[in-house]
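Q: What follows is a structure written as structure tokens; I'll ask about it next.
Values in this text are rule-based calculations from the coordinates and carry no lab data. Because the structure is a prediction, the values reported are computed rather than measured. Note that each Cβ is placed from the backbone with ideal geometry, even for glycine, and that neighbours are counted across all protein chains shown.
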Amino acid sequence: METQIGELYEQLGNLKNDLGELIEENHRLTIENKHLRTYLNRDHVQEEKKTTKKKREATVPGEGFDNLARIYKEGFHICHMQFGSPRTDEDCLFCLELFD
Ligand SMILES: [Zn+2]
């Protein structure tokens with residue numbers, strides 16, 4: 001009986017330690033979570049700003065685009081894959097994607 005009580009007491013002590021560690025970890029994770037949310041929100045806002053800017057640029061076809069179209073018609077790739085290299089007679093799907 002006395003031994004059992006001793007063991008139980010020891011277990012109780014261990015549980016208290018575990019609980020303390022869990023509370024600390026929980027606290028740490030809560031703070032980390034908060035930081036990450038702030039970070040994500042800020043990132044999200046910046047991403048939205050970028051997209052609206054891109055949209056605005058896309059609605060105004062620039063001189064650069066005309067130049068690319070001309071280069072393509074002259075028979076060269078304007079896609080990232082093979083930019084500047086001569087095209088074969090067939091159209092390049094990657095290049096055509098840029099015209100959309
Ligand atoms: Zn191409």
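Q: If Lys and Arg each add +1 and Asp and Glu each add -1, what is the summed charge of the other residues whose beta carbon sits under 13 Å from the beta carbon of THR30?
A: 0
Q: Okay, moving on. Assuming a ≥ b ≥ c are the square roots of the Cα gyration tensor eigenvalues, decide whether the range 1-48 counts as rounded (a/c under 1.5), prolate (otherwise, with a/b larger than b/c) or oblate. Provide the component values of the computation, followed by the final result.
A: Working: a/c = 12.34, a/b = 8.22, b/c = 1.50.
Judged from the Cα gyration tensor, the range 1-48 comes out prolate (a/c at least 1.5, a/b above b/c).
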